[in-house]
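Visitor: First the structure, which I've put down as structure tokens, then a few questions once you've had a look.
The values are calculated or read from the model by the stated rules, or taken from the named source; none is laboratory data. If you're wondering where the values come from, they're calculated on a predicted model, not measured in any experiment. Because the Cβ atoms are built from the backbone with ideal geometry, glycine has one as well, and the counts that use them run over all protein chains shown.
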Amino acid sequence: MEPHSESAEIGAAEEAVLRVFRGGVDGKAVDYTVPVAPGMVVLDALHSIQGHQSPDLAVRWNCKAGKCGSCSAEVNGRPRLTCKTRLDSLPLDQPITVSPLKAFPIIKDLVTDVSWNYQVNKRIPAFQPKAGGEWKMYQRDVDRVQEFRKCIECFLCQDVCHVLRDHSKHESFGGPRFFVRSAGLEMHPLDSVSRTKLLKDELGIGLCNITKCCTEVCPEEIHITDNAIIPLKERIVDEFYDPLTMLFRKIGRG
Amino acid sequence: MSPPYETHEHDVLIIGAGGAGLRAAIEALAQGVRVGLVCKSLLGKAHTVMAEGGIAAAMGNVDKSDDWRIHFRDTMRGGKFLNDWRMAQLHAQEAPERVRELEQWGALFDRTDDGQILQRAFGGHTFKRLCHVGDRTGLELIRTLQDRGVQQGIDVYMECTITRLLKDGDRMAGAFGYWREQGRFVTFKAKSIVIATGGIGKAWKITSNSWEYTADGMALAYEAGAELLDMEFVQFHPTGMVWPPGVQGLLVTEAVRGEGGVLRNRNGERFMEKYDPKRMELSTRDVVARAIYTEVKEGRGSEHGGAYLNISHQPPEYVKKKLPSMYHQFKELADVDITTGPMEVGPTCHYMMGGIRVAAETGQSTVGGLFAAGEAAAGLHGANRLGGNSLSDLVVFGKRAGKAAADHAKSVSQGALDAAQLLDAEREMLAPFERTDGEFPYEIHRDLQETMQSLVGIFRTEDDLQKALGQLEKLKSRLQRVRADGSRMFNPGWHLTRDLRSMLLISEAVTRSALARRESRGAHSRIDYPNSDDLWGKKNNVIVKRDGEMDREERPVSEIPAELQQILAENK
């Protein structure tokens, strides 16, 4: 490959082939050749296809800056934000495959129906401040919650999670995104609601066997498994499975 | 007759689900009316999510001497006194309460050592005033409002685009649009409509704005007979990325300068000393943008035609903590480590000061039952907006518009939907599919962006603006023959055919207003009229549709009451 004279450091190939999934449930991959510019990302390539070859190519995007989490897709089989996936990070001597998220029903091309996520979110009780509390919080106490609130809802963690992706447990499992959201509420220094029963019984957090796939794909580098899911699981164990607590509960009910 | 489309009925219909739309929806719902919220994207993806540096509110947590009067004065000075003084006053007075409210709804701002909301310095603000969460304040704001709204029970219509406001006589009756996913048409009945659709950045080539920023709301309001105000004032943010090409225009938050970032040219000179020695890098955006542009134009630009912005004198851990998304953005997209070296930055189209003319207290436009808030509305920012004043604008005036829209809805009956208007709206949307020989919209869009970028940019002249008007006419006639391919299922090419119409219309409003204002003020710089003109300093431009044509007139800026005059006169 001959590098561009003035851009040897960024981007080298002249052209790339994108193998993009087109259509609905019975769709198939179609190859497009696009010119490569320095620093180009996969979303740029998709826009190039829209603008010059196929104006009806369906792709969600908004900010193109990694802040909104709209342009999620599977690039060479890996869940990615297409706006942050540089072409020069991929082997360009073979086609780059771009497919829709597998864990959600396809609508068209790269657009899937992610409305289920919004339904799950609705079931999580909102922040409820402690009555009469003073509105003082210290940075050391909000640090860990701020990590969870970095989430841009790209749903890549949902897509990669085998409970949803391979076992389609959408009915009984909330998914990493909503464990992160719950953790953000549960660990808010001034919150007064408990969501542990919901997490245990309805959002099925027990189904997670902490393989950390979600953490690996998170573009915001949130430590989903270690910082959100495991502490929530521990809370549930403390609350529902601690032998002493269980004993007290039995006596109380008796 | 009842229309043959899927129809939803609400008392208040809000178009746009960024900060202003969500805040309006929450308030309208609190007033006990039925609220519908329509947005072009998925909920939570609106442009508010990209706001980085913070929300301006005179809380006085860091600088105890700050209060609303000084915020008011900074805002008016930043806007070169073309602002609606009453909006600037309400904004400064109410912003702190709106911020506290966000916190009570679960937002977690960065903290001071004594446990209060931390505030940072920003351009044009006398004191440290911007409440923030690192450099992702907009995300915190939209997520907080989104969760609050959903929990309160707002009906949200995601990925739905409104293409027409429907009137019953001279008042609002509803709206017509399509579902982006399936392409089916849908109508909404409503007594009040709030427009919160943001700006028009996508008409420029180098822009920090997302695809949604196509001036829809301003165009809908204009077509419905509402007045547009201050359309010549388009803000070019001084610091967008300039390299590599794919990320050109991407925002580099002003917080970099707020945290001590220094601008230099290729000769290593700290050039802001020439343009604003007192405020330096924290001068207002119009001044810094022109300074960078001038340095580049005069041959002192950086390697890829910008300026060098350096924050690497701060400890790396501090930079990563306070500017995390900037750190990642440059590392991942430009191979630059901002903790060790400078960023390359240049001006990028960022914000529309102009918009729908509204009453300060209510957000009521000049059409009955039609309200506007946020970037789609005008008045607060005058000739130039201060950083941080946008997020506060959204919540202060979103709430006000939501309240007024609910009050209005309670006082009127539902208007009737007119079959002829619906038929016309449908015909307009289907026409691009019927053409077999026209061009696709992307080419027209690229040419529009070239036109606005090169002829209606930071520096303007009579010649360029006249040329731009001519080009816009040609683009309009090309749009008459635009075509869509494929089906109505999630078809971005088809969607763009409609968005382009709004962009062309509002680009014309911008150009006509810019042509008329023969002076330089705030974000509007005329090379042929480089000075400000006292007469123009007392006038706003208003654009309105008359007899089917775009008409422009000048209106006197409203007189500032004596007690506020006094605040403005104080020197500090």
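Visitor: What pairs come out if I take residues in region B:335-359 that are more than 30 Å from residue B:382 (Cβ to Cβ) and pair them with residues that are in a strand (DSSP E or B) and aromatic (Phe, Trp, Tyr) whose C-beta lies under 7 Å away, six or more apart or interchain?
Guide: Cβ pairs passing all conditions: B:342/B:308; B:344/B:308.
Visitor: Can you report the number of residues in region A:54-77 which are closer than 15 Å to residue A:20 by Cα and either within 7 Å of another protein chain (Cβ to nearest Cβ) or part of a loop (DSSP other than H, G, I, E, B) (or both)?
Guide: So the answer is 10.
Visitor: Another question, if that's okay. What number of residues within region B:254-305 are in a loop (DSSP other than H, G, I, E, B), out of contact with any Leu (no Cβ under 9 Å at 6 or more places or on another chain) and not acidic (Asp, Glu)?
Guide: 15
Visitor: Ok, one more. Counting only residues that are within 14 Å of chain A (Cβ to nearest Cβ) and among the basic types (Lys, Arg), which one in region B:17-56 is surrounded by the fewest Cβ atoms within 10 Å (Cβ to Cβ)?
Guide: B:40
Visitor: Right, something else. I'd like the residue in region A:179-190 that is without any contact (Cβ under 8 Å) to a residue 60 or more places away in the chain and assigned to a helix (DSSP H, G or I) and, out of all such residues, is surrounded by the fewest Cβ atoms within 10 Å (Cβ to Cβ).
Guide: The extreme case among them is A:186.
Visitor: On to the next question. Hey, among B:239, B:284, which residue is within 14 Å of chain A (Cβ to nearest Cβ) and crowded, with 24+ Cβ neighbours inside 10 Å?
Guide: Only one candidate qualifies: B:239.
Visitor: State whether the residues of region A:148-161 include one that is more than 16 Å from the chain's Cα centre (by Cα) and either small (Gly, Ala, Ser) or crowded, with 20+ Cβ neighbours inside 10 Å (or both).
Guide: no
Visitor: Considering region A:111-156 alone, what residues qualify as being touching a residue at least 40 places away in the same chain (Cβ under 8 Å), out of contact with any Phe, Trp or Tyr (no Cβ under 7 Å at 6 or more places or on another chain) and among the polar types (S, T, N, Q)?
Guide: Result: A:128, single match.
Visitor: As an exercise: evaluate residue B:107 against (1) over 19 Å from the mean Cα position of the chain (by Cα); (2) surrounded by fewer than 24 Cβ atoms within 10 Å (Cβ to Cβ); (3) within 14 Å of chain A (Cβ to nearest Cβ); (4) assigned to a loop (DSSP other than H, G, I, E, B) and give the number of the one condition it does not meet.
Guide: Just one mismatch for residue B:107, condition (2).
Visitor: Yes or no: region B:77-89 includes at least one residue that is more than 14 Å from every other protein chain (Cβ to nearest Cβ), on the phi > 0 side of the Ramachandran plot and out of contact with any helix residue (DSSP H, G or I) (no Cβ under 6 Å at 6 or more places or on another chain).
Guide: The answer is yes; a qualifying residue exists.
Visitor: Of the residues in region A:31-53, how many are more than 7 Å from every other protein chain (Cβ to nearest Cβ) and touching a residue at least 24 places away in the same chain (Cβ under 8 Å)?
Guide: Residues flagged as more than 7 Å from every other protein chain (Cβ to nearest Cβ) and touching a residue at least 24 places away in the same chain (Cβ under 8 Å) within region A:31-53 amount to 7.
Visitor: Then there's this: Is it true that residue B:448 is of a type outside the set (Ser, Thr, Tyr) and more than 14 Å from chain A (Cβ to nearest Cβ)?
Guide: It is false that residue B:448 is of a type outside the set (Ser, Thr, Tyr) and more than 14 Å from chain A (Cβ to nearest Cβ).
Visitor: Quick check, is residue A:159 without any contact (Cβ under 8 Å) to a residue 24 or more places away in the chain and either small (Gly, Ala, Ser) or more than 10 Å from chain B (Cβ to nearest Cβ) (or both)?
Guide: Answer is no for this residue.
Visitor: Of all residues in region B:306-332, how many are assigned to a loop (DSSP other than H, G, I, E, B), buried (at least 18 other Cβ atoms within 10 Å of the Cβ) and touching a strand residue (DSSP E or B) at 6+ places or on another chain (Cβ under 9 Å)?
Guide: The qualifying residues number 2.
Visitor: Pick from region B:466-494 the residues that are surrounded by 22 or more Cβ atoms within 10 Å (Cβ to Cβ) and touching a residue at least 40 places away in the same chain (Cβ under 8 Å): which of them is farthest from residue A:60 (Cα to Cα)?
Guide: Residue satisfying both the conditions and the ranking: B:468.
Visitor: A further question follows. For region B:333-379, what are the residues that are in contact with a helix residue (DSSP H, G or I) (Cβ under 8 Å, 6 or more places away or on another chain), among the polar types (S, T, N, Q) and assigned to a strand (DSSP E or B)?
Guide: Matches in region B:333-379: B:364 only.
Visitor: Could you say which residue among B:278, B:331 is without any contact (Cβ under 8 Å) to a residue 12 or more places away in the chain and away from every other protein chain (no Cβ under 14 Å)?
Guide: Checking each option against the conditions leaves just B:278.
To keep it simple, each residue is scored yes or no on (1) more than 25 Å from residue B:221 (Cβ to Cβ); (2) aliphatic (A, V, I, L, M); (3) touching a Phe, Trp or Tyr at 6+ places or on another chain (Cβ under 7 Å).
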site: B:9; (1), (2), (3): no, no, no
site: B:17; (1), (2), (3): no, yes, no
site: B:41; (1), (2), (3): no, no, no
site: B:64; (1), (2), (3): yes, no, no
site: B:69; (1), (2), (3): yes, no, no
site: B:74; (1), (2), (3): yes, no, no
site: B:81; (1), (2), (3): yes, no, no
site: B:90; (1), (2), (3): no, yes, no
site: B:93; (1), (2), (3): yes, no, yes
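Visitor: Within the group B:370, B:422, which residue is among the hydrophobic types (A, V, I, L, M, F, W, C), surrounded by fewer than 24 Cβ atoms within 10 Å (Cβ to Cβ) and under 21 Å from residue B:174 (Cβ atoms)?
Guide: B:422
Visitor: Now for a different question. Return the residues of region A:98-110 that are over 15 Å from the mean Cα position of the chain (by Cα) and crowded, with 18+ Cβ neighbours inside 10 Å; say none if nothing qualifies.
Guide: Those that are over 15 Å from the mean Cα position of the chain (by Cα) and crowded, with 18+ Cβ neighbours inside 10 Å: A:98, A:99, A:106, A:107, A:108, A:109, A:110.
Visitor: So if I check each of B:145, B:90, which one is in a helix (DSSP H, G or I), surrounded by fewer than 24 Cβ atoms within 10 Å (Cβ to Cβ) and in contact (Cβ under 8 Å) with a residue 12 or more places away in the chain?
Guide: Testing whether each residue is in a helix (DSSP H, G or I), surrounded by fewer than 24 Cβ atoms within 10 Å (Cβ to Cβ) and in contact (Cβ under 8 Å) with a residue 12 or more places away in the chain leaves just B:90.
Visitor: Condition test on residue A:135, is it at the interface with chain B (Cβ under 7 Å from one of its Cβ atoms) and either hydrophobic (A, V, I, L, M, F, W, C) or farther than 30 Å from residue B:251 by Cβ (or both)?
Guide: yes
Visitor: If the requirement is being in contact with a helix residue (DSSP H, G or I) (Cβ under 6 Å, 6 or more places away or on another chain) and part of a loop (DSSP other than H, G, I, E, B), which of these qualifies: B:115, B:124?
Guide: After applying the criteria, what remains is B:124.
Visitor: Right, here's the next one. Which ones in region A:192-224 are closer than 20 Å to residue A:143 by Cα, of a type outside the set (S, T, N, Q) and in contact with a strand residue (DSSP E or B) (Cβ under 7 Å, 6 or more places away or on another chain)?
Guide: A:219
Visitor: Can you name every residue in region A:192-222 that is over 16 Å from the mean Cα position of the chain (by Cα), over 16 Å from residue A:120 (Cα atoms) and touching a residue at least 60 places away in the same chain (Cβ under 8 Å)?
Guide: Answer for region A:192-222, where residues must be over 16 Å from the mean Cα position of the chain (by Cα), over 16 Å from residue A:120 (Cα atoms) and touching a residue at least 60 places away in the same chain (Cβ under 8 Å): A:192, A:193.
Visitor: Could you tell me which of the residues B:187, B:197, B:161 is in a loop (DSSP other than H, G, I, E, B), modelled with pLDDT of 95 or more and not assigned by TED's automatic domain parsing to the domain that holds residue B:249?
Guide: None of the others qualify; the one that does is B:197.
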